[in-house]
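Following: one structure in C-alpha cells, then a few remarks.
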Amino acid sequence: MSDSWWRQAVVYQIYPRSFADANGDGIGDLRGITSRVEHLRDLGVDAVWLSPFYPSALADGGYDVDDYRDVDPKLGTLADFDEMQAALHAAGIKLIVDIVPNHSSNRHEWFRAALAAGPGSPERERYVFRRGGGPNGEEPPSDWVGYFGGPTWEPVGDGDWYLHLFAPEQPDFNWANDEVRADFLRTLRFWSDRGVDGFRVDVATALVKDMSLPLPTQAELDAEDVVPGTHRLHDRDELSEVYAEWRAVFDSYDPPRMAVAEAWVPADRIKRYTSPDSLGQAFNFDLLQAQWDAAAFRAIIEEHRRLDLASGSSSTWVLSNHDVIRHRSRYGLPPGTDETAWLRSGGQDPAPDLERGLRRARAATLLLLALPGSTYLYQGEELGLPEVADIPVGARQDPVWAISGGDVKGRDGCRVPLPWEATGPSFGFGAGPAHLPQPGWFAGLAVATQSDDEESTLSFYREAIRARRRLQTAESVEITDSAGDDGDTVLQFARPNGWTSITNFGTEAVELPAGRVVISSGPVEDGKLPGETTVWLVAAEG
Ligand code: GLC
Ligand code: CA
C-alpha cells in the first residue's frame, strides 16, 4: 500500500502566495505553510499539492518559473522548504510539488541567453523561435491565439519571434531539444532527492509540438477532423516518450515518486497519461465542468471507473482549483450561466444563491469522498469560500485581465488569501494587508470562526475525511440503482463492505434505505434524505 498511497488519497492544493504569510509582507510564504500544518493535520488530508514556489516575477502567479531548482526569495529559502517538508511529513502528510515543463519565464537564464545569442544559435534551439513573415520578418509566423486570448508569437527585434502558448512572459520550451529533456530530468531528481513524494505536471499535454513548415492557420488548427494524437500543439502521441523517461526517474526512488497530469483531454485519451509507464494519474476535470445533475455525475463516474480500471490507474475527483470559479458559487448559479459574463458583472448578474451553492457543494464533496480514487481539494473549499467576484480593477493580477484589455476578469477571485481569524488586517493571513484584497464577509468564514462550531463546513470536512479513512477499503465500487427513485435525481453507490453513499440531486426529500447514518452533508430526519444532500450509510450494526 505504501507504494501507491496516491491511489486513494485526499490531496489538498496549496496556492502558496495566498495560504499564510509568516513575515507580514502580504505574500504567503513557505514558513506560513509550516505554521499552519496543524490545520492540515486536523483536516486529515493525506497529501499537499503545492503550486509553484520557484523564483518568479509572478507574471502568471508563479507559473512563470525563473529557476526550477530554487525557492522564490519572496517565499523563503531552500532551508525553509526542507523545514516545511519535514513538518508535513512529521504530520503524516505527503508533499507533491508543481512542475512547469511547457514554458519557463522570460527571466530564465536560458531564455536570456537565447535572446543574447541571436538567430540560428544553439541557445535559441531550447525554445521555439521562428522567422517572422513579410520582407523583414515583421509579421508573426502564424495567426495562432494563445490560451490567455492574445497572440502566441512575440518578436525579439532581429526578425525572430518566439512561441508562447500562455503569456508573453512564458516562452515555450522546445521539447525536441536534448538539453531541455535532460534538464527536466535533473529537476525531477533534485526535488525527489530532497524528499518530495510526487509531482503535479502543469499543462502536461502541450510539451511536444509539430512545428514543421508551413505552419497551419488557427482555423486549420481548430479543424474538428484532426486525428487524436496528431494535433500540432496538443496531446500528441510522442508525449509518451517524454513521460516514459520521467517514469524511469520516478521509479528509481523508493518508494517511487507519483505524478499527476494536468490534462484537459477527452476521457478516452487520458490513459496515455495515467498508465503505469507514464505519469500514472491525471486530473479528471469532468465533474468540475458538470452541471448539478444525477445523470451527468453518474455517467462521468461510470466512464472514468471503466477507463481507469482498463489503464491500471486510479480515478481522480476534482471540483475546484486555482484556475476556476469556486464551486460554491458555481453551484449557486442558474444552469447555463456564462461564467465570464457573470464575473464581468462583478458577480451580480445573476446573483448566485449561495445557500443553495453551499448545500450542493457539501453534498458533492461527500459524494466525491466516497468514491474510490483520489479527491483533490482546493484551499478554502473546506471553509465553504465562494468566489470573490468583485475584486477591484486596480488589484487584479491574472495576466488574462491585461491580455484581454480588461474584458475577461480572470482567476483572481479564487486566489484571495485565506481568512484564518475573524479580525486583523488580513484576517490572520499575515500581519499586514494581503496581496489581493479580502472582502469583509471573510470574517464569518474564517478558520477560527468555524473551528469549534460543529455545524460548520470546516467541521463537516474534518468529520467526512475522518470517516472516509475509517471506512475506506479496496477500490472497487458498485453503482447501484437508487432506492425509491427512477435514478434521475438520486445517485447511490456502495463499496463491498457496505459503505453506501446516496446523493439526492433533486429538491424533494426521498426515503432512505435501512442502515446507520455515518455522516450527512445536511440534516437528515425521519428516515428521509432532503434535497441537495448526501448521506453515508453502513449496515445497522456496522
Ligand atoms: C496551468 C495552470 C495555470 C497556468 C497555466 C500556465 O493551466 O494551472 O494556473 O496559468 O498552466 O502555466
Ligand atoms: Ca510573506
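The values are calculated or read from the model by the stated rules, or taken from the named source; none is laboratory data. The model shown is predicted, which means the values in this text are computed figures rather than measured ones. With ideal geometry, Cβ positions are generated from the backbone for all residues, glycine too; neighbour counts draw on all protein chains shown. We work out accessible area using only protein heavy atoms, side chains counted, and drop any ligands, DNA or RNA first. Shrake-Rupley method; radii C 1.70, N 1.55, O 1.52, S 1.80 Å.
Things to note:
- Given (1) open to solvent by 40 Å² or more (accessible area, probe 1.4 Å); (2) in a loop (DSSP other than H, G, I, E, B), index of the condition T449 fails: (2)
- In the range 1-51, the qualifying residues are those that are among the polar types (S, T, N, Q) and either part of a strand (DSSP E or B) or near ligand 2 (Cβ under 9 Å from one of its atoms) (or both), and the one that is nearest to the chain's Cα centre (by Cα) is Q13.
- Given (1) closer than 26 Å to Y376 by Cβ; (2) modelled with pLDDT under 95; (3) among the β-branched types (V, I, T); (4) buried (at least 16 other Cβ atoms within 10 Å of the Cβ), index of the condition T489 fails: (1)
- Answer residue from the range 308-326, given it is more than 16 Å from ligand 1 (Cβ to nearest atom) and of a type outside the set (G, A, S) and is farthest from L287 (Cα to Cα) among those: L309
- Residues of the range 146-161 that are more than 16 Å from D60 (Cβ to Cβ) and aromatic (F, W, Y): W153, W161.
- Residue check for A86: modelled with pLDDT of 95 or more, open to solvent by 10 Å² or more (accessible area, probe 1.4 Å) and not in a strand (DSSP E or B): yes
- Restricted to the range 123-137, and to residues there that are open to solvent by 90 Å² or more (accessible area, probe 1.4 Å) and modelled with pLDDT of 95 or more, the residue that is nearest to V208 (Cα to Cα) is E125.
- The residue that is least open to solvent (accessible area, probe 1.4 Å), counting only those in the range 58-76 that are of a type in the set (A, V, I, L, M, F, W, C) and within 15 Å of ligand 1 (Cβ to nearest atom), is V65.
- Among the residues of the range 269-305, those that are without any contact (Cβ under 8 Å) to a residue 60 or more places away in the chain, more than 22 Å from L50 (Cβ to Cβ) and out of contact with any helix residue (DSSP H, G or I) (no Cβ under 7 Å at 6 or more places or on another chain) comprise R269, P276, Q289, Q291, A296, A299.
Conditions tested, residue by residue: (1) modelled with pLDDT under 95; (2) in contact with a Lys or Arg (Cβ under 8 Å, 6 or more places away or on another chain); (3) in a loop (DSSP other than H, G, I, E, B).
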| position | (1), (2), (3) |
| --- | --- |
| G346 | no, no, yes |
| D349 | no, no, yes |
| P352 | no, no, yes |
| R356 | no, no, no |
| R359 | no, no, no |
| V388 | no, no, yes |
| V400 | no, yes, no |
| T423 | no, no, yes |
| G430 | no, no, yes |
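- Selection count where residues are out of contact with any helix residue (DSSP H, G or I) (no Cβ under 9 Å at 6 or more places or on another chain) and closer than 30 Å to Y147 by Cα, scope the range 415-430: 0
Residue-wise test of (1) in contact with a strand residue (DSSP E or B) (Cβ under 8 Å, 6 or more places away or on another chain); (2) modelled with pLDDT under 95; (3) over 23 Å from G413 (Cα atoms); (4) more than 16 Å from ligand 1 (Cβ to nearest atom).
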| residue | (1), (2), (3), (4) |
| --- | --- |
| S18 | no, no, no, no |
| D29 | no, no, no, yes |
| D80 | no, no, yes, yes |
| I93 | yes, no, yes, yes |
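- For the range 52-80, the tally of residues that are within 15 Å of ligand 2 (Cβ to nearest atom) and more than 19 Å from the chain's Cα centre (by Cα) stands at 10.
- Among the strands (runs of 3 or more DSSP E) confined to the range 194-306, the ones with at least 1 residues that are basic (K, R) and either open to solvent by less than 20 Å² (accessible area, probe 1.4 Å) or at pLDDT 95 or above (or both) are located at 198-201.
- Filter pass, D349 being over 23 Å from the mean Cα position of the chain (by Cα), among the acidic types (D, E) and under 18 Å from D407 (Cα atoms): yes
- Listed by first and then second residue, the pairs with beta-carbon distance under 7 Å, at least 6 apart or on different chains, first residue in the range 326-350 and aromatic (F, W, Y), second part of a helix (DSSP H, G or I) and crowded, with 24+ Cβ neighbours inside 10 Å, are Y331/R360; Y331/A361.
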